Amino acid sequence: MAARLSLKQDYEGLLDKYDTWLFDCDGVLWEGDRLVDGAIEVLDLLRSRNKSVMFVTNNATKSRKSYKTKFDKLGVQAHVDEIYGSAFASAVYISSVVKLPKDKRVYVIGMTGIEEELREEGISYLGGTDPADNTLEPFTLANWTPDPAVGAVLCGLDTSINYTKLSKAFQYLLRDPACLFLATNEDSTYPSAEGLLPGAGSIGAPLRFALGRDPISIGKPAGTMLECIKAKHDFDPKRTIMIGDRLNTDIQFGKNGSLATLLVLTGITKESDITGPNASPTVPDYVTKSIGDLRVLIS
Ligand SMILES: O=C(O)[C@H](O)[C@H](O)COP(=O)(O)O
Ligand SMILES: [Mg+2]
């Protein structure tokens, strides 16, 4: 049963118990470019109490560096080494876990975040924002020569998705069973400032359906990003709390990592998802309406 936080002492209890605070971004700190009310004050409060603050986002549209620009623009204090995104985790996974040979390339469905992180890791790629792939012209195999060096397809949130990209990714995966099918994350929806939109998982869904094959998904709830954090920061999982808005990514990620979990209701998850007959079996340790609720601690 999740503990519903409401009193000042409830929030004080979290400060006493947890030294490391991992924040999901979309739906927790902001929606699109609209900050959640109180997010900055609460992050400043945590840092003033010597808490370690990190950001763990499945949003692959931005690299860590371009996320740092977003944080700066929104006035949120963050160091690039505190920012972990699924584009970064995917690039690290391909270079360090897959160990993709240097003569191999990655076909990308996605945006600059993935491209920048692959470049940072020295991984050769094609597709992505290439104008030749970002076309609404009809796609025909008769006019296409696949790149024989492609050894993996990486699919992430792509707001310029089209039939050409899906067809090329499909062909790479169909013609070579050894070609890796990777997804930065599989969130079904994206909480924009104006409302829900299809998420990364819905961008890759046509490939799953056409191929009858599931990708390896690298973002939350998989442990890859936690491994990336562990590689750079010492922290005690027993004194670490994951704050998220989506049960099957953020809260499950926290549970998989033996972290405490705090669900907020400013993003994807609504009250009806956690109460009543259709409540999800994924139960967070704590629930509060918004991260802004912790402002009660600011004396
Ligand atoms: O579709 C997506 O990729 C996700 O909705 C989105 O970007 C999740 O970001 P997060 O909530 O993990 O910051
Ligand atoms: Mg979120």
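The values are calculated or read from the model by the stated rules, or taken from the named source; none is laboratory data. Here the structure is a predicted model, which is why all the values come from computation and not from measurement. Cβ atoms come from the backbone with ideal geometry, glycine included; neighbour counts cover every protein chain shown. Heavy atoms of the whole protein, side chains included, go into the accessibility calculation; ligands, DNA and RNA do not. Shrake-Rupley method; radii C 1.70, N 1.55, O 1.52, S 1.80 Å.
When Ser63, Ser90 are screened for being surrounded by 18 or more Cβ atoms within 10 Å (Cβ to Cβ), among the polar types (S, T, N, Q) and touching a Ser or Thr at 6+ places or on another chain (Cβ under 6 Å), only Ser90 passes. On inspection, Tyr11 does not qualify as at pLDDT 95 or above, aromatic (Phe, Trp, Tyr) and either within 19 Å of the chain's Cα centre (by Cα) or open to solvent by 20 Å² or more (accessible area, probe 1.4 Å) (or both).
When you scan the range 236-271, how many residues do you find that are in a helix (DSSP H, G or I) and open to solvent by 20 Å² or more (accessible area, probe 1.4 Å)? Step through it out loud before you land on a result.
Kept after step one, since they are in a helix (DSSP H, G or I), are these residues of the range 236-271: 237-239, 247-256, 271.
Cutting the leftovers down to open to solvent by 20 Å² or more (accessible area, probe 1.4 Å) gives us 237-239, 248, 252, 255-256, 271.
Selection size over the range 236-271: 8.
Filter the range 166-199 down to residues that are in contact with an Asp or Glu (Cβ under 6 Å, 6 or more places away or on another chain) and not in a strand (DSSP E or B) and give me whichever is least open to solvent (accessible area, probe 1.4 Å). Within the range 166-199, the match that is least open to solvent (accessible area, probe 1.4 Å) is Gly199. Scanning for something part of a loop (DSSP other than H, G, I, E, B) and within 16 Å of ligand 1 (Cβ to nearest atom), does the range 129-150 turn up at least one residue? The answer is no, given that none of the residues of the range 129-150 is part of a loop (DSSP other than H, G, I, E, B) and within 16 Å of ligand 1 (Cβ to nearest atom). For the range 93-133, a residue qualifies if it is out of contact with any Lys or Arg (no Cβ under 8 Å at 6 or more places or on another chain) and either of a type in the set (S, T, N, Q) or on the phi > 0 side of the Ramachandran plot (or both), and the qualifying residues are Ser95, Ser96, Lys99, Gly110, Gly128, Thr129.
Candidates in the range 200-225 are the residues that are under 30 Å from Ala39 (Cα atoms), without any contact (Cβ under 8 Å) to a residue 40 or more places away in the chain and assigned to a helix (DSSP H, G or I); of these, the one that is most open to solvent (accessible area, probe 1.4 Å) is Ser202.
Of the residues Gly32, Gly75, which is assigned by TED's automatic domain parsing to the domain that holds Gln252, more than 14 Å from Ile243 (Cα to Cα), surrounded by fewer than 22 Cβ atoms within 10 Å (Cβ to Cβ) and of a type outside the set (A, V, I, L, M, F, W, C)?
Details: Gly75 fails: assigned by TED's automatic domain parsing to the domain that holds Gln252.
When all the criteria are applied, what remains is Gly32.
I need the full set of residues from the range 18-33 which are out of contact with any Lys or Arg (no Cβ under 7 Å at 6 or more places or on another chain) and over 19 Å from Lys270 (Cα atoms), in order please. Within the range 18-33, Leu22, Asp33 meet the criteria.
Residues Val108, Val42: which one is touching a residue at least 60 places away in the same chain (Cβ under 8 Å) and not in a loop (DSSP other than H, G, I, E, B)?
Working: Val108 fails: touching a residue at least 60 places away in the same chain (Cβ under 8 Å).
Just a single option satisfies the conditions, and that option is Val42.
Applying the criterion of being open to solvent by less than 60 Å² (accessible area, probe 1.4 Å) and either assigned to a loop (DSSP other than H, G, I, E, B) or in contact with a helix residue (DSSP H, G or I) (Cβ under 8 Å, 6 or more places away or on another chain) (or both) to the residues of the range 111-120, the residue that is nearest to ligand 2 (Cβ to nearest atom) is Gly113.
Each row is one residue, and each column tells you yes or no for (1) more than 19 Å from Phe55 (Cβ to Cβ); (2) more than 16 Å from ligand 1 (Cβ to nearest atom).
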site: Ile243; (1), (2): no, no
site: Gly267; (1), (2): no, no
site: Asp273; (1), (2): yes, no
site: Ile298; (1), (2): yes, yes
